[in-house]
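Beneath this line is the structure, given in structure tokens, with notes to follow.
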Amino acid sequence: MAAKKLSHAAPLYLKRVMFGAGISQADLHRAIRIPASTINGIINHNKWPARVNKDEIQTQTEQTLRDWGVDESDISHVWDYDDDDSPLTYADQLQMRRRQQINKPIDRSTFTNEELPENAMLTQQAKQHFKLIHDPFINDIDCSEDLFMSTDQHYVKTAMHQTARRGGFIAVVGESGAGKTTLRRDLLDKITREEPNIRVVFPRIIDKTNINASSICDAILADFDVPPKRTLEAKARQIEKLLAESSRAGNSHTIIIEEAHDMPIQTIKYMKRFWELEDGFKKLISVILVGQPELKMKLNERIHPEVREVSRRCEIIELHPLGINTEKYLELKFKRLNRSLSDIFEPDAFEAIRNRLSVHQGNSRIPTDMTYPLVVNNCVTSAMNSCVELGMEKINAELVRELW
């Protein structure tokens, strides 16, 4: 929708863009840190106080819109007047906000208990009814061919491999059950089988809230079977020497930290120091952080300005919901057990599953897509158990709509 150039004080097109992206004035206030009343005057009347840096506010606002996934074509018009008084239809709002939803942090605590399926085990009766030798979602990955690879998953997998192989600094972010650990396991399996010249450091510290620079140094030295020195300075010198010698022998090195969303901010800052270790022009170790959406928040310099040196060097890569790939994902799961989807589901069930897993956050009328693998597994398991209990032959849309 093109905005129009006007001479009178109509709302800015920024207002319509923010609404379509699901950005409130409060969100913008927190992002650019100017008074809410000033933001209101700018958005609704193009009134700029004399004591503000207009260029700086415009730059910060445009970057905030980018952070929320707004298209550049819309951003280029946000400072134009908008005299289209017709409100966006609900269908327009739904389409636009769904498109932006993948860039917004999900607060699972605001979901009601009824909106997501609980963990469930497939009953013996259900396995017998559907002629399954075991649960299709338990111990379901024996090799890389068992991994479902949509375009999104394939991109994340490739990015992790290329970082381990050629260097870099990335953060892989995804909801619980999105498949992060599975991709990490696949990466380690590929390296073990095919690329022994890549040496992986994988700290085993269970409580990541206690991880620090010293414990990471200890993990690196342990993987080289070298006793650590006592001081952090001495450990750092040990590591730099070991990595340089190993690199000259033709090896690459990467450190992978899971549950990185639990890491203290100070430790996240230290990760840049490890990534900066070098021998001439060659980086000695790459860094792969793996965590839930809270990790993305910790790497947001608007929220944590102290991490800006890290966030400006660390590429954030996100695992998105399955969405339209839900059916293909399930097809692979049941194919492993020599069953087709037509043996389990009626054709209308898949759209019902996607709709059932579009849940509401807080008081928002706009649903959040939660079709992550673990959630889909729980939903289908519950549906299969209910199907048998109700004496039905297959899972249909009506059954899915009545679940939990």
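Some points to look at:
- For ARG199, residues with placed amide H under 5 Å, excluding near neighbours: SER252, HIS253, THR254
- The HN-Hα couplings worked out from phi for the stretch 338-354 by the Karplus form 6.51 cos²θ - 1.76 cosθ + 1.60 (θ = phi - 60°) are 6, 10, 9, 4, 5, 6, 10, 10, 7, x, 7, 6, 6, 5, 5, 5, 4 Hz, whole numbers, x standing for Gly and Pro.
- With θ taken as phi - 60° and the Karplus curve 6.51 cos²θ - 1.76 cosθ + 1.60 applied, the whole-hertz 3J(HN,Hα) list for the stretch 25-35 is 5, 5, 4, 5, 4, 5, 6, 9, 6, 10, x Hz, x standing for glycine and proline.
- Hull shadow area, averaged, the stretch 214-323 [alpha-carbon convex hull, nm²]: 8.4 nm²
- In the stretch 176-243, a dipole from Cβ-located charges (positive for Lys and Arg, negative for Asp and Glu) runs towards its positive end, and of PRO196, SER214, GLY177 it is SER214 whose Cα lies farthest in that direction.
- Carbon plus sulfur fraction of accessible area for the chain, probe 1.4 Å, in percent: 49 percent
- For ILE395, distant residues with modelled amide H under 5 Å away: PHE345, GLU346
- Dipole of the chain [Lys/Arg +1, Asp/Glu -1 at C-beta], most positive-end residue of GLY167, SER37, LEU332: GLY167
- Estimated FRET transfer efficiency (ASP218, SER24; beta-carbon r; R0 45 Å; 0.05): 0.50
- Translational diffusion of the stretch 208-272, µm² s⁻¹ [Kirkwood Rh, Cα pairs; Stokes-Einstein; 4 °C; 1.567 mPa s]: 103 µm²/s
- Kirkwood hydrodynamic radius (C-alpha pairs) into Stokes-Einstein, the chain, 10 °C and 1.306 mPa s, D in µm²/s: 66 µm²/s
- Gaussian network model of the chain, springs between alpha carbon atoms under 10 Å - residue of ALA171, ALA36, ALA50 with greatest fluctuation: ALA50
- The convex hull built on the alpha-carbon positions of the stretch 117-229 has an orientation-averaged projected area of 10.6 nm².
- Span from the the stretch 250-292 Cα centroid across to the the stretch 163-204 one, whole angstrom: 12 Å
- Mean accessible surface per residue for the chain, computed with a 1.4 Å probe while every protein chain stays in place, in Å²: 52 Å²
- Each 10 Å bin from zero up to the one holding the largest Cα-Cα distance in the stretch 25-80 carries the following percent of pairs: 22, 61, 17, 0.
- Unit Cα scatterers, Debye sum, the stretch 248-374: log10 I(q)/I(0) for q = 0.09, 0.20 Å⁻¹: -0.46, -1.09
- Highest-MSF residue in the chain out of ILE257, ILE191, ILE34 [GNM, Cα springs under 10 Å]: ILE34
- Shown are ARG16, ARG273, whose ranking by accessible area with a 1.4 Å probe and every protein chain present, most to least, is ARG273, ARG16.
- Share of alpha-carbon pairs per 10 Å distance bin for the stretch 302-404, given as whole %: 13, 38, 24, 13, 9, 3
- Scanning residues 5 or more positions from ASP279 or on other chains, those with amide H under 5 Å from its amide H are LEU284, with H placed 1.01 Å from N in the peptide plane.
- Listed by chain and number, the lysines whose C-alpha is less than 19 Å from the C-alpha of LYS298, apart from same-chain residues fewer than 8 away, are LYS104, LYS180, LYS208, LYS269, LYS272.
- From phi via Karplus (6.51, -1.76, 1.60), per-residue ³J(HN,Hα) for the stretch 59-73 in Hz, x at Gly/Pro: 5, 5, 5, 5, 5, 4, 4, 5, 4, 8, x, 6, 5, 4, 4
The values are calculated or read from the model by the stated rules, or taken from the named source; none is laboratory data. Not measured: the values here are computed from a predicted model. So basically every Cβ, Gly included, is an ideal-geometry build from the backbone, and we count neighbours across all protein chains shown. The area values use the complete protein model at the heavy-atom level, side chains included, leaving out ligands, DNA and RNA. Shrake-Rupley method; radii C 1.70, N 1.55, O 1.52, S 1.80 Å.
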